[in-house]
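Each remark here refers to the structure printed beneath this line.
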Amino acid sequence: MPDLSTQSIVIHAEPAQVMAVIADFAAYPDWTGAIKSVEITDPGTPGRARQVKYAMDAGLLRDNYELVYRWAPDGLSVSWSLVSGSLQKSQEGSYRLVPVPGGTEVTYSLTVEPSIPLIGPLRRKAERSILNTALTQLRKRVENS
């Protein structure tokens, strides 16, 4: 498995508000740039889908993939793994939320192994870009809700 990329950001909201936005998969096409459609394939428990299919279009990169989610009982983290994808061999990721004065520190960790060979530095640069974009979009969505 490739190395894990990690990035954090502080969002001015309570952890429950942040996790509610993360868990609202159906709304992702409304506020994420690359996710064009979402299908919840296993609803899990109310508000915490277990498995979700995505259609992503990030310009040159288009992928259809499915992730399985694991939700922490304390509501402060969620992790996922790739079930299937056309451009990915594997994907492991997580959001971890920590209450801090004035809000919540959100740490996003991600490792993706593409189906096509990609040199390590280029893959890590792409992962960092994904992390930065996702966290920035998440903060904007939560703080403007």
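Miscellaneous remarks
- Those residues of the range 45-71 which are out of contact with any strand residue (DSSP E or B) (no Cβ under 7 Å at 6 or more places or on another chain) and surrounded by 13 or more Cβ atoms within 10 Å (Cβ to Cβ), in sequence order: Ala58
- First in the range 1-23 and over 17 Å from Val98 (Cβ atoms), second anywhere and among the polar types (S, T, N, Q), Cβ under 8 Å, 6 or more apart: Met1/Ser90; Met1/Thr111; Pro2/Thr111; Asp3/Thr111; Leu4/Ser109; Leu4/Thr111; Ser5/Ser109; Ser5/Thr111
- Residues that are out of contact with any Ser or Thr (no Cβ under 8 Å at 6 or more places or on another chain) and within 19 Å of Thr111 (Cα to Cα) are absent from the range 2-19 altogether.
- Residue in the range 130-143 that is touching a strand residue (DSSP E or B) at 6+ places or on another chain (Cβ under 9 Å), part of a helix (DSSP H, G or I), modelled with pLDDT under 85 and open to solvent by less than 40 Å² (accessible area, probe 1.4 Å) present: yes
- Residues (surrounded by 13 or more Cβ atoms within 10 Å (Cβ to Cβ) and either part of a helix (DSSP H, G or I) or at pLDDT 80 or above (or both)) located in the range 104-124: Thr104, Glu105, Val106, Thr107, Tyr108, Ser109, Leu110, Thr111, Val112, Glu113, Arg123, Arg124
- The set of residues in the range 25-60 being small (Gly, Ala, Ser), closer than 16 Å to Gln91 by Cβ and outside any strand (DSSP E or B) consists of Ala34 alone.
- Residue match in the range 8-26 (condition: within 29 Å of Ser115 (Cα to Cα), surrounded by 14 or more Cβ atoms within 10 Å (Cβ to Cβ) and at pLDDT below 95): no
- Pick from the range 71-111, criterion among the polar types (S, T, N, Q) and out of contact with any Ser or Thr (no Cβ under 8 Å at 6 or more places or on another chain), ranking: farthest from Leu131 (Cα to Cα): Ser84
- Selection over the range 72-85 of residues that are outside any strand (DSSP E or B), without any contact (Cβ under 8 Å) to a residue 24 or more places away in the chain and open to solvent by less than 70 Å² (accessible area, probe 1.4 Å) gives a count of 1.
The values are calculated or read from the model by the stated rules, or taken from the named source; none is laboratory data. All of these numbers come straight from a predicted model, not from anything done at the bench. Reconstructed Cβ throughout: ideal geometry from the backbone, glycine too, with neighbour counts over all protein chains shown. Areas reflect the complete protein model, heavy atoms only, side chains present, ligands, DNA and RNA absent. Shrake-Rupley method; radii C 1.70, N 1.55, O 1.52, S 1.80 Å.
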